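Participant: Structure below; questions to follow.
The values are calculated or read from the model by the stated rules, or taken from the named source; none is laboratory data. These numbers come from a predicted model, not from an experiment. We place every Cβ from the backbone using ideal geometry, glycine too, and count neighbours over all the protein chains shown.
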């Protein structure tokens, strides 16, 4: 073999080696790597006609807590449960009350008299407007995870996601009864709660509405736990619910409309009492991707208060 | 078989193996590019079909089309994977045969050759090598040098945007951001767990004290109350609540003996030396220690002296690998901790600041930058609402920081036109508002704890300021050795009310109570002046100097010298000594009080003293 | 004699350099040993940090990747409408190919009882693309998650996925606790 | 990953875990049909005992190679031993545990207290060095799978001129310097990343890495053991050790008869010829050069250190944090690119750009200080290599060059003197 041929061959190989090493070294940089070929395509869900959105974000309240629990709004005051405290402040952000709770609270509700009912993991407690504890219910069993509260006259409804049941308490904190929504009718399995998202509310007509997250439905129950009617629209489109356990949180507006907040594709929407989508409050672009569904509350004027767990703030949305 | 045959066979085997391997390699290459160009798992046509199905959900034909396409795609994928796997082994086999044949061929063919005569002499070769080494080395360095100029460091011009919202979409200008203010007049209920004092059957105690404070007349109660819940009644930081050295606790013993154990309720060994003072919250007592290898935070049961937990301060981002050099008599743990009943906060001369829960769980920690301090950082922490205030005066200049107590994030930072200092911040209520007051060379200044805004400052200090300021009856007092003792009316046109330079403290801070101000010097003289006029009433010489700050509790002055002898006086214009109990060991830390009890930190032991 | 002495001197220099090299090699060894816990290390994905970018499928030195999806049944909601199994907006909740999210059909759906379904992973088919993990984390409880399978992992000195992992979720873990399966895995907090 | 970043991440982790822990406590549905929940399988990794086995195998192979090279003088033994190494450490252990890569583990463990090196990696780093210090580079002869695969493929070696060998000899030094710098700053392990043969051992690698391995093998058909001689960073260390080795392979078992048969036997040009008796003693130019080059050494060191430290701008970009932060500053518009996974991951991590830049600056600072060491080291080696060119030692016989010799034993095979 001729020497010059060998040399040319060798130099070619050296060049190939250099190209591969340098090329590879440069290739793994963020701006030179390709996107995810196996991306879960949610564009169809996320792209929504922006004209449907009739709310805009106007205010944020920064929360000074590590783990927010829940919010409620009543009488021009915002009630916040977070870490192991309960805080009340006015719309200007001035604190009115702050009390330490014995354990974290995940939800709370305010009565017309201004009493604050707080839901702990397995118990319910009532505090006066001045922050004094009036009573605390007997603890429920180990499985209990209370995720939501609602009030109707003298009854307190507590949604227990762990036991897949709604518990009833008197205004004095005495346990009365529970129901699991089960009936003898075929296929009616009661509440299907795959994860700790289980909300309920009482509308102005005194009807109890419970989310059945596994069925992606809003169900109307009598106080005895009999299913009266339900609203359901399983769809990834804007007018329906999809994924598991949605809507994650609800609040009922002064006119009986439902304010809903979803996880997965995080969004807040308002439904007519008849179950038709009336308007959209906030689209997923407002929230962190794969964020937690915000707890929602609404005041008499229809202003929406959303507790953003990921950004640690209460976000206010007002009609445009 | 003769040699020629072997040669022939091996040559043929080599050729066959090479051709085989080459074909397999080409096939593998094709497979690779085919997969890369068209991933069967992510077919676009498939996606289109699925999209179409969403619009016509009952189109069974479409469904079966998708299913067969999916089956085809998966088959293609797994077949190609199988091909790659098999191909690899075939290639390996081919190559091994090729290599062996080649080796055999060349070994058989090779003859022992006469080595080439060296064409160049060694000397010439070496000269040539030298030149090329220099060329190669020089080229590498030159290229590196040129590249370093050609490439810009984009980080250099970057200015930190403060607490920029790095994540998420850019904050919308039209959205108003409101921070929830916890105003001081807030009703602070303690809803579930009754406080210790309530358990003790003195539910009215706190209210009473607070009420007296508002009147602002009664002796020894000039410190503002109502701060951040119960903080005002616990000895929760250096020199007690508000750092002012005045405690509202009652029934403090005046007689004990550390040697005989008289009135000593318990005595606990402190695992490590440190020059900070104990701090109390209900049944817990906190202090810190540190040397070059470890910094520790300890929590004792204040009732029994049992060590409840201890935590090493480590793994803090930015913390120096080797602690800064500090002097023996300051140490790395000179600053005293602070607690708000939720968390306890500690800072060290390394610049590490850390928060633990009351049960010793680490909440947050950060390094504030290693302080350039030739003795060691000594300023203690103080808490106002959710602000953890840090006086951070070093040789690089002074600053006051407020950290969020729950996260450790900086809420605000105010740089000060001062030099280094070792004094600690105090809190005072002036004109109905709270201020944090700092003393350093050359300024004594007050700041708004909410915003960090400087409210007033007086240029009157100098030197290496160690004593913290004091506050009482509307006047701020500051003192330092080789400087002066001044009484300042904050905000006044002519702020200096009086000054004196007869006796000046070096380490211990002044304390004001009952219209009197007490100074304890490092050479052992304890002096009492009139707080309003500066008139000297009395002086008393102790055997040893004072390092611990004198504190007022239960209407008495407690001043402990470095020999561990406590000098107790009544708060009066005439000197009236109430006792000189001894600890039996050297002591540098200021005492901590709770009702009926005084806690003292000696060099080695921690003492709980109470009347038996 | 003279020659001998010369050799001795050279030998002495050689020996002393050798001795100092032994000491420095030993020193480096000792310093490194001080930092050793005597355990061996393997790579593992922290499921709480993983953001399902898909690089585990493409960047592993192995093909198919040594990263597979595992199912932490402990925290599964056993949903009918499983976000990890069905494409968003599936027309019908059945096992038809048109409804499945997994590109290789590695996720198997089994009926248990009304209204619960079990989901199982066929690891021979799984390529570690994390599509189902994304769906499950977004819409469900996050019981499906990626783990490096140590029967497949080559335990490279530096994991080539870790090098490009955008969320830095891949870390060295002691080889006696080589998995971070959700539900049973709770990171010990620093106390 | 720097320690700082680790701790920051750990902090984030704690928060995430707490959120997740809350979710994990959630009770499962109560099944009525007696459904038994399966549990996920967890195949165990290779056991620790088996890892220690590897150390023992290495020890055995090293000792055998030494015995073959120094005592039994068997080229055949070394050849078959290297075939065993290729099969065991190469194809069976997939080239991963390897002494060359262990350099980085040691460097990282010395710089990062949070990184705990495994005993196996440390043993793989130390044992060959100690053997080289006493017996020469017998590791290269028989215990290194990378050497073995190249050695088996030497087909038509060509002799390289000394100037090329000497100047190309700077490459492994730079490579070693970079590898240690990158490992110590927690940037990455480049030695492992560009190990050309690991893809072949595994029969599985990204396509271009296989091409790289094949390219090296093709190169090695003519330029014997190209990776060992002109790239291997571990070879630099072994070279130094071997220079001062107590014993070393010798070409002849007794007196050299100067038949020159061995000279063409060495494919690595590692046999030093005897000094020419007739050559004139080194003249004054050499003494002057000796002094000049000695004086130049500190200059090389300082200039090298300065330049390498200045080069932090582009070197530190190898670190993902630095690269990402510079990218974000320089191309802020990329924030809106949904396909840029790294930037999207950063944005959703909740970390601010400020903290990222702060972390990146810490890394840069490490590169700046590390650069001084690395550049100084490279400069020192260049200076000493240069100086070595004017140092003359008298040699009577044909001798293996202790630094360059791989102890492969080919020359022994050729030597006609057998006892």
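Participant: Condition first: part of a loop (DSSP other than H, G, I, E, B) and closer than 30 Å to residue B:342 by Cα. Can you find one or more residues in the stretch A:146-159 that meet it?
Facilitator: There is no residue in the stretch A:146-159 that is part of a loop (DSSP other than H, G, I, E, B) and closer than 30 Å to residue B:342 by Cα.
Participant: Just checking, how many residues over the stretch C:51-91 are within 11 Å of chain A (Cβ to nearest Cβ), farther than 13 Å from residue C:143 by Cβ and touching a residue at least 60 places away in the same chain (Cβ under 8 Å)?
Facilitator: 8
Participant: Please count how many residues of the stretch C:137-158 are more than 9 Å from chain A (Cβ to nearest Cβ) and out of contact with any helix residue (DSSP H, G or I) (no Cβ under 8 Å at 6 or more places or on another chain).
Facilitator: The qualifying residues number 8.
Results for (1) in contact with a helix residue (DSSP H, G or I) (Cβ under 8 Å, 6 or more places away or on another chain); (2) part of a helix (DSSP H, G or I), shown as yes or no for each residue.
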{"residue": "A:25", "(1), (2)": "yes, yes"}
{"residue": "A:35", "(1), (2)": "yes, no"}
{"residue": "A:57", "(1), (2)": "yes, no"}
{"residue": "A:71", "(1), (2)": "no, no"}
{"residue": "A:102", "(1), (2)": "no, no"}
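Participant: For the stretch B:443-456, give me each residue that is closer than 21 Å to residue B:494 by Cβ and buried (at least 20 other Cβ atoms within 10 Å of the Cβ).
Facilitator: The answer is B:443, B:444, B:445, B:446.
Participant: Let me ask something else. Of the residues B:481, B:502, which single one is within 33 Å of the chain's Cα centre (by Cα) and surrounded by fewer than 21 Cβ atoms within 10 Å (Cβ to Cβ)?
Facilitator: B:481
Participant: Still on this structure: Would you mind finding the one in D:182, D:201 that is more than 30 Å from residue A:4 (Cβ to Cβ) and either out of contact with any helix residue (DSSP H, G or I) (no Cβ under 6 Å at 6 or more places or on another chain) or within 11 Å of chain B (Cβ to nearest Cβ) (or both)?
Facilitator: D:201 is the lone residue from the list that is more than 30 Å from residue A:4 (Cβ to Cβ) and either out of contact with any helix residue (DSSP H, G or I) (no Cβ under 6 Å at 6 or more places or on another chain) or within 11 Å of chain B (Cβ to nearest Cβ) (or both).
Participant: Here's a check for you: in the stretch A:301-319, which residue that is surrounded by fewer than 21 Cβ atoms within 10 Å (Cβ to Cβ) and farther than 22 Å from residue A:290 by Cβ is nearest to the other protein chains (Cβ to nearest Cβ)?
Facilitator: A:318
Participant: Hey, which of the helices (runs of 4 or more DSSP H) in the stretch D:260-359, taking only ones fully inside, have at least 1 residues that are away from chain A (no Cβ under 14 Å) and within 23 Å of residue D:403 (Cβ to Cβ)?
Facilitator: Answer list for the stretch D:260-359: D:284-310.
Participant: Keeping to the stretch D:190-222, report how many residues are surrounded by fewer than 24 Cβ atoms within 10 Å (Cβ to Cβ) and part of a loop (DSSP other than H, G, I, E, B).
Facilitator: Of the residues in the stretch D:190-222, 5 are surrounded by fewer than 24 Cβ atoms within 10 Å (Cβ to Cβ) and part of a loop (DSSP other than H, G, I, E, B).
Participant: Run down A:73, A:48 and say which single residue is away from chain D (no Cβ under 13 Å) and within 30 Å of residue D:338 (Cβ to Cβ).
Facilitator: The match here is A:48.
Participant: Here is a further query. Out of (1) within 14 Å of chain D (Cβ to nearest Cβ); (2) surrounded by 15 or more Cβ atoms within 10 Å (Cβ to Cβ), the odd one out for residue B:322 is which?
Facilitator: Here residue B:322 clears every test but (2).
Participant: Examine the stretch A:173-186 for a residue that is part of a loop (DSSP other than H, G, I, E, B), more than 30 Å from residue A:42 (Cβ to Cβ) and touching a residue at least 60 places away in the same chain (Cβ under 8 Å), and state whether such a residue exists.
Facilitator: No, the stretch A:173-186 has no match at all.
Participant: Applying the selection to the stretch C:92-107, what residues are in a loop (DSSP other than H, G, I, E, B), more than 25 Å from the chain's Cα centre (by Cα) and more than 8 Å from every other protein chain (Cβ to nearest Cβ)? It would help to see each step written out before you state the result.
Facilitator: Initial filter on the stretch C:92-107 (in a loop (DSSP other than H, G, I, E, B)): C:92-96, C:101-106.
Right, trim to more than 25 Å from the chain's Cα centre (by Cα) and you get C:92-96.
C:93, C:94, C:95 - these are the residues of the stretch C:92-107 that are in a loop (DSSP other than H, G, I, E, B), more than 25 Å from the chain's Cα centre (by Cα) and more than 8 Å from every other protein chain (Cβ to nearest Cβ).
Participant: Now, a different point. Return yes when residue B:77 is in a helix (DSSP H, G or I), more than 10 Å from chain C (Cβ to nearest Cβ) and either more than 60 Å from the chain's Cα centre (by Cα) or in contact (Cβ under 8 Å) with a residue 12 or more places away in the chain (or both) and no when it is not.
Facilitator: When the stated conditions are applied, residue B:77 does not pass them.
Participant: Can you report the number of residues in the stretch C:2-23 which are more than 10 Å from chain D (Cβ to nearest Cβ) and modelled with pLDDT of 85 or more?
Facilitator: Number satisfying all stated conditions: 2.
Participant: A further question follows. Quick check on my filter: what residues within the stretch C:47-91 are outside any loop (DSSP other than H, G, I, E, B) and closer than 21 Å to residue D:41 by Cβ?
Facilitator: C:56, C:57, C:67, C:68, C:69, C:70, C:71, C:73, C:74, C:75
Participant: Restricting to the stretch D:360-404, name every residue that is within 28 Å of residue D:247 (Cβ to Cβ) and part of a helix (DSSP H, G or I).
Facilitator: D:380, D:381, D:384, D:385, D:387, D:388
Participant: While we're on this one: Restrict the check to the stretch D:58-79 and report whether at least one residue is surrounded by 22 or more Cβ atoms within 10 Å (Cβ to Cβ) and either within 14 Å of chain B (Cβ to nearest Cβ) or not in a helix (DSSP H, G or I) (or both).
Facilitator: There is no residue in the stretch D:58-79 that is surrounded by 22 or more Cβ atoms within 10 Å (Cβ to Cβ) and either within 14 Å of chain B (Cβ to nearest Cβ) or not in a helix (DSSP H, G or I) (or both).
Participant: Can you name every residue in the stretch C:75-91 that is at pLDDT 85 or above and over 29 Å from the mean Cα position of the chain (by Cα)?
Facilitator: Answer for the stretch C:75-91, where residues must be at pLDDT 85 or above and over 29 Å from the mean Cα position of the chain (by Cα): just C:80.
Participant: A follow-up question, please. Do we have residue D:78 as over 30 Å from residue C:119 (Cα atoms) and within 22 Å of the chain's Cα centre (by Cα) here?
Facilitator: Answer is no for this residue.
Participant: Looking at B:148, B:129, B:45 in this structure, which one is more than 7 Å from chain D (Cβ to nearest Cβ) and either surrounded by 12 or more Cβ atoms within 10 Å (Cβ to Cβ) or at pLDDT below 90 (or both)?
Facilitator: Going through B:148, B:129, B:45 in turn, just one is more than 7 Å from chain D (Cβ to nearest Cβ) and either surrounded by 12 or more Cβ atoms within 10 Å (Cβ to Cβ) or at pLDDT below 90 (or both): B:45.
Participant: Now a separate question. Only one of these conditions is not met by residue B:95: (1) surrounded by fewer than 17 Cβ atoms within 10 Å (Cβ to Cβ); (2) modelled with pLDDT under 90. Which number is it?
Facilitator: (1)
Participant: Now for a different question. In the stretch D:85-98, how many are under 19 Å from residue D:52 (Cβ atoms), touching a residue at least 24 places away in the same chain (Cβ under 8 Å) and either part of a helix (DSSP H, G or I) or outside the structural domain of residue D:129 (by TED's automatic domain parsing) (or both)?
Facilitator: Total satisfying the criteria: 3.
Participant: Given (1) within 60 Å of the chain's Cα centre (by Cα); (2) without any contact (Cβ under 8 Å) to a residue 60 or more places away in the chain, where does residue B:61 come up short, assuming only one miss?
Facilitator: (1)
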